[in-house]
Structures are given as C-alpha cells and as structure tokens.
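The values are calculated or read from the model by the stated rules, or taken from the named source; none is laboratory data. The shown structure was predicted, so the numbers you read here are calculated from the model rather than taken from an experiment. Cβ sites come from the backbone with ideal geometry, for glycine too, and all protein chains shown count toward neighbours. Quick note on the areas: whole protein, heavy atoms, side chains included, nothing else; ligands and nucleic acids left out. Shrake-Rupley method; radii C 1.70, N 1.55, O 1.52, S 1.80 Å.
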Amino acid sequence: MANSEMIESVNNVSESGTERQTVGASFCDDPKFSIRNASVFYAEKQAIFDVSVDIARHEVIAMIGPSGCGKSTFLRSLNRMNDTVEDCRVEGGFHLDGQDIYQDNMDVVALRAQVGMVFQKPNPFPKSIYENVAYGPRIHGLADSRVDLDEIVEDSLRRASLWDEVKDRLHQPGTGLSGGQQQRLCIARTIAVNPEVILMDEPCSALDPIATARIEELIEELSQNFTIAIVTHSMQQAARVSSRTAYFHLGELIEVNPTEMVFTTPEHELTEAYITGRFG
Amino acid sequence: MDNLSFENHIMKQFDEELEEIRTQLMEMGGLVEEQLRLAIRAIEDADSAVAETVIARESQVDDMEMSIDERCTLIIARRQPAASDLRLIVSVMRAVSDLERIGDEAQKVAKLAITLTEEGKSPSGYVEVRHIGQRVLLMLHAALDAFARFDSAAALETLKQDEQIDLEYKSAVRELVTYMMEDPRSITRVINILWVIRALERIGDHTKNLCEQIVFVVHGRDIRHGNE
Ligand SMILES: Nc1ncnc2c1ncn2[C@@H]1O[C@H](COP(=O)(O)OP(=O)(O)OP(=O)(O)O)[C@@H](O)[C@H]1O
Ligand SMILES: [Mg+2]
C-alpha cells in the first residue's frame, strides 16, 4: 500500500510568515495528486490555509473535520468545481500526474471527467437510468456506436453494483430509484467517463445503513482502479473505507496519517479531541 | 499526548461512563490486592480462617470482572470509542482479565494455606514465601497506583520488578529442592510450598501485564512480548 511510501511531512510556512505545520505523513513518492500551499478564498474570507498534501495512486483518503472547516472547499478545488462559485479564488499548486490543473489552457470539462465528483445528495438527471450513465460518454465521445455505448452503460452499472437491480428497467427515470440506488447511479455516471480520481462529498449521509454498507463496499472495490478522496462526517466510515485520514480544522490541515493510526493513536491533540468527541 | 484526560466529551454521559469503569477497575484492584495480602498472611500465620475468607470472596472478584467487561462492551457498542478512549477500554478489559487471574492465584494460595495448616506446623519454606510474597504485593500495589494516575514512567519502573521476582523464584526453588533432599519426609509439604511460590511468581507476570497496559493507554505503544 501507499502508506509505506509516505514520508514525514515538513513545515509549511505561509506567506504571512506564520508557521503552519501538518503533522504526520502528508507526502508520498509519485503521487497521483500533489497539492502545495493551497489557499482558497471566498471574496475576502479565507477558507483554506496553506494546505500541502499528496494523494497516492489508488488510495482512499478520508477527509474529516468539524462542519465549516473547509473539507468541501478543499475537495472542490481538486477538480476546479470552485470555478463555478462566484468570488472564489484558489492559490497554490495543484498537480495531477505532474500537470498543473489550474494552468490557463486547461480543459476544465475534461478535467472534471478525469476527476469526477459524487455529491452528498444523489442528483440523477431527470432522465432514464440509461441516459444518466450514457450522457457523459456521449458528450466526451467515448462511444463510437450504440453497441459501444450499451457496453459502457452496462459495465458502469455493474461496477457500481447496480446492474442487477436495474437491468430490466433501464429506460425508466433515474429519479424513480431509491436513495441508495440513486447514489450508485451517480457513481455509475461518474465512472462511465473513465475518471482517474473520484471525489466524494459525504456520499452516504442521505442513506440508510444498508445502502451505506453497499456504497462502502463499492468504494473498496473502486479503489483497485481509481484514486478516491472522500469527505465524511462519519468517523466509523472514515475508519472503514480509507487507508489514510486527513484532519482539517478551521481551514488548516492538522494531521494526515494512516487511518488505523489516526483512530488509535492520533498525533495531534486537535485530532484526538475531534475523533473522541471532545471540545477541541 | 502525555496529559491524558478522560473528560470533556461533548456527550457528558460518556465522561461519566468512562469514569465509572475506571472507578470499578480500581475497586477490583483493591479487592484483589486485599485477597493476595490475606492469602499470604494465611500461609505465614497458618491461619485457616483467614484463608477461608479469601476463598469465600473469590466470587466477588469474578463478579466484578464480568460487570466491568459488560460495561466496556456496552461503551463500545454505544459510543464507538476512538483513540485514547478506545485504548482505555481495551486496556481495562485486558487489565480485569489479569486481575481476575491474580484473584485465582490468591485463592490457590489460600487453599494451600489450609492444606499446609492441616499438615501441622513446620517453618521450612516460610521465609521464601514471605520474601516473594512481600515483593509481589509491593509490585501489585505500585502497578495499581500507576494505573490510577496513568503514570507510564512509574509503570515502566514497576514492570522491571518482575525480573527480580523471577530470579528469587528460581533461587527459592533451588532452596526448597535442597530441603527435600535433606529430609525426604518433608517432600509433600515442600511441594505445597512450591505451589505457593509458583502462584506468587505467576502473579508477578500478571502484574507486569497490568503495567504494560498502562503504557498502552498513555502512549498507544504495545510493549507486550518484548516489543519496544
Ligand atoms: N460559496 C461560499 N461563499 C462563501 N463562503 C463559503 C462558501 N462555501 C463555503 N464557504 C465558507 O467556507 C468555509 C468552509 O466551508 P466548507 O463548506 O468547505 O466546509 P465543510 O468542512 O465542507 O463543512 P460541512 O462539514 O458542514 O460540509 C465555511 O466558513 C463556509 O461558510
Ligand atoms: Mg461540506
């Protein structure tokens, strides 16, 4: 696993000169994603402070922290979803396989296919199940024929472990599925365009424990082929699905460490306070 | 994180639950320590009545073990403890099991005290029992004290005493074997004394486990089986 490649993190010194230090193992060799000194602002208000971290290939990294600490903001900066937010400004280096994703000539639509996102609330298009999955591959020109497209749709639904439940009603509306099925449909839609990284922002918070367990099982399977960053409010979920956990606090990245370590012997007392449910 | 505290949970009830299992553990420790003290006295004074008290109270130790275990299980199910909370629960569960075994060994000593008393008075072997017994008692007391304060330095210091006890056990065995060779009529009796010091030596081992659990709670390091 990527853990063994992690090396000790170094001090980050922000522009204002104040020292910000992320404790633990933030960096790795040959990362999928490399983020350096990232800051995100909403107008004058700074939401992310000088965050540096690597995301290893095919790892599942969980991002946890109190509400408002900037998890979603940080996640959205990884596929430039923040571009769509007015007054939002992103600074720092974001390299995906060595390529700067904020460079001027970056094709943002292609980037968002490469770095897909699954949201908290399942949000299928008001179209058929089939069309929900086929839409992306079609606009990205991934299928040459109807047969190709059928294959991609089936394959994506299978990988999202939804196929058996919907194969007989592919042309019924996606919105007619249960919440858990809708979320798996959204995952199928995301993987249909062959992403490399999947960002998930509280993907199970609207689901019951069984639907949640299915998504978690799916995350485990998907991690064989994709790199996954998941934001979750469920500590148990972070503990179950991820290999590394990142703890954010007031816009700062406090600690990144192997998940088993974070949940048994966290390095930073703020992490300890948060995961044990204490006043930090 | 050396300043270990089990308070300040947002759920106040959780603070209380953790406090309760700590209190219960200390109560159980106190009871077991008393059992051991009385068992050793029963041997020294050849006092069957004291030994009977120890035997009668053994079931209290068992009850406490089950009660603390149950509370810990409930906390795991209800609170899904993490980090230092999780380590506390795990270590308390391990500690009660060691305390229960110490209780068993103390009971063994008490039963042997009755046998020895029935066999009539002969002081051979009592020096060894008194010597190792006092050491083990002191060690157990220090370990419980360290547990109460989560003092890992004291725990590491206390843990070392087990080696000394093992050495004394070995030399006592040699001594007792000499008695047997010198006076074959004493064999039955000396073998019973051997069982007593064997039990005391085992208590030293369990007490060492307790010390290791303190280090685990405080630092999250598992130093069992010579792990550093
Ligand atoms: N569109 C926006 N405009 C202005 N401020 C925003 C915007 N989105 C988020 N913020 C602010 O940025 C900070 C971080 O918000 P963010 O949504 O990233 O937190 P979060 O960790 O995802 O919280 P939660 O766990 O509640 O989802 C908060 O103070 C929030 O109020
Ligand atoms: Mg959020």
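Could you list, in sequence order, all residues of segment A:189-223 that are acidic (Asp, Glu) and within 16 Å of ligand 1 (Cβ to nearest atom)?
Selection gives A:201, A:202.
So which pairs qualify, if the first residue must be in segment B:6-24 and away from chain A (no Cβ under 11 Å), the second must be small (Gly, Ala, Ser) and in a helix (DSSP H, G or I), the Cβ gap must be under 9 Å, and the two must be at least 6 apart or on different chains?
B:22/B:148; B:24/B:67
Between B:18, B:36, B:4, B:31, which is in contact with a helix residue (DSSP H, G or I) (Cβ under 8 Å, 6 or more places away or on another chain), open to solvent by 10 Å² or more (accessible area, probe 1.4 Å), within 30 Å of residue B:216 (Cα to Cα) and assigned to a helix (DSSP H, G or I)?
Criteria check complete, one pass: B:31.
In the list A:227, A:232, which residue meets the criterion of being within 16 Å of ligand 2 (Cβ to nearest atom), over 17 Å from residue A:123 (Cβ atoms) and among the β-branched types (Val, Ile, Thr)?
Result: A:232 is the single residue among A:227, A:232 that is within 16 Å of ligand 2 (Cβ to nearest atom), over 17 Å from residue A:123 (Cβ atoms) and among the β-branched types (Val, Ile, Thr).
With the structure loaded, tell me whether residue A:164 is within 23 Å of the chain's Cα centre (by Cα), more than 20 Å from residue A:230 (Cβ to Cβ) and open to solvent by 40 Å² or more (accessible area, probe 1.4 Å) or whether it fails that test.
no
Between B:215, B:190, B:177, which is under 25 Å from residue B:38 (Cα atoms) and aliphatic (A, V, I, L, M)?
From the options B:215, B:190, B:177, the qualifying one is B:190.
Say whether the condition of being within 13 Å of chain B (Cβ to nearest Cβ), hydrophobic (A, V, I, L, M, F, W, C) and either part of a strand (DSSP E or B) or buried (at least 23 other Cβ atoms within 10 Å of the Cβ) (or both) is met by at least one residue in segment A:229-250.
For segment A:229-250, residues within 13 Å of chain B (Cβ to nearest Cβ), hydrophobic (A, V, I, L, M, F, W, C) and either part of a strand (DSSP E or B) or buried (at least 23 other Cβ atoms within 10 Å of the Cβ) (or both): present.
Is it the case that some residue within segment A:142-153 is touching a Pro at 6+ places or on another chain (Cβ under 7 Å) and in a loop (DSSP other than H, G, I, E, B)?
yes
Would you check which residues across segment B:77-97 are away from chain A (no Cβ under 14 Å) and surrounded by 22 or more Cβ atoms within 10 Å (Cβ to Cβ) and list them?
B:92, B:95, B:96
Does residue A:65 qualify as being closer than 26 Å to residue A:263 by Cβ, in contact with a helix residue (DSSP H, G or I) (Cβ under 7 Å, 6 or more places away or on another chain) and within 16 Å of ligand 2 (Cβ to nearest atom)?
Taking the combined requirement at face value, the residue satisfies it.
Can you tell me how many residues in segment A:266-280 are over 24 Å from the mean Cα position of the chain (by Cα) and part of a helix (DSSP H, G or I)?
Total meeting the criteria: 2.
Among residues belonging to segment A:187-228 that are among the β-branched types (Val, Ile, Thr) and assigned to a helix (DSSP H, G or I), point out the one that is surrounded by the fewest Cβ atoms within 10 Å (Cβ to Cβ).
A:210
Just to be sure, is residue A:255 closer than 24 Å to residue A:57 by Cα and either of a type in the set (Asp, Glu) or touching a residue at least 60 places away in the same chain (Cβ under 8 Å) (or both)? Lay out the reasoning, then the answer.
Working: closer than 24 Å to residue A:57 by Cα: yes; either of a type in the set (Asp, Glu) or touching a residue at least 60 places away in the same chain (Cβ under 8 Å) (or both): yes.
Considered against the rule, which asks whether it is closer than 24 Å to residue A:57 by Cα and either of a type in the set (Asp, Glu) or touching a residue at least 60 places away in the same chain (Cβ under 8 Å) (or both), residue A:255 comes out as yes.
Regarding residue B:212, is this residue away from every other protein chain (no Cβ under 14 Å), closer than 24 Å to residue B:176 by Cα and at pLDDT 95 or above?
no
Can you pull out every residue in segment A:32-70 that is under 15 Å from the mean Cα position of the chain (by Cα), away from ligand 1 (no atom under 12 Å from the Cβ) and not β-branched (Val, Ile, Thr)?
Residues satisfying the conditions are A:32, A:33, A:34, A:54, A:56, A:57, A:58, A:59, A:62.
Scan the strands (runs of 3 or more DSSP E) fully inside segment A:52-138 and keep the ones with 3 or more residues being loosely packed, with under 15 Cβ neighbours inside 10 Å.
Because the criterion is at least 3 residues that are loosely packed, with under 15 Cβ neighbours inside 10 Å, no strands (runs of 3 or more DSSP E) in segment A:52-138 meet it.
Scan segment A:146-153 and tell me whether some residue there is within 25 Å of residue A:210 (Cβ to Cβ) and of a type in the set (Lys, Arg).
No, because not a single residue in segment A:146-153 is within 25 Å of residue A:210 (Cβ to Cβ) and of a type in the set (Lys, Arg).
From the residues in segment A:251-273 that are within 9 Å of chain B (Cβ to nearest Cβ) and open to solvent by 40 Å² or more (accessible area, probe 1.4 Å), which one is nearest to ligand 2 (Cβ to nearest atom)?
Taking the candidates together, the pick is A:268.
Against the definition (aliphatic (A, V, I, L, M), assigned to a loop (DSSP other than H, G, I, E, B) and more than 14 Å from chain A (Cβ to nearest Cβ)), how does residue B:46 come out, yes or no?
It is true that residue B:46 is aliphatic (A, V, I, L, M), assigned to a loop (DSSP other than H, G, I, E, B) and more than 14 Å from chain A (Cβ to nearest Cβ).
Check every one of the helices (runs of 4 or more DSSP H) wholly within segment B:133-228 and list those with 2 or more residues that are open to solvent by 40 Å² or more (accessible area, probe 1.4 Å) and closer than 30 Å to residue B:119 by Cα.
B:161-182, B:187-219
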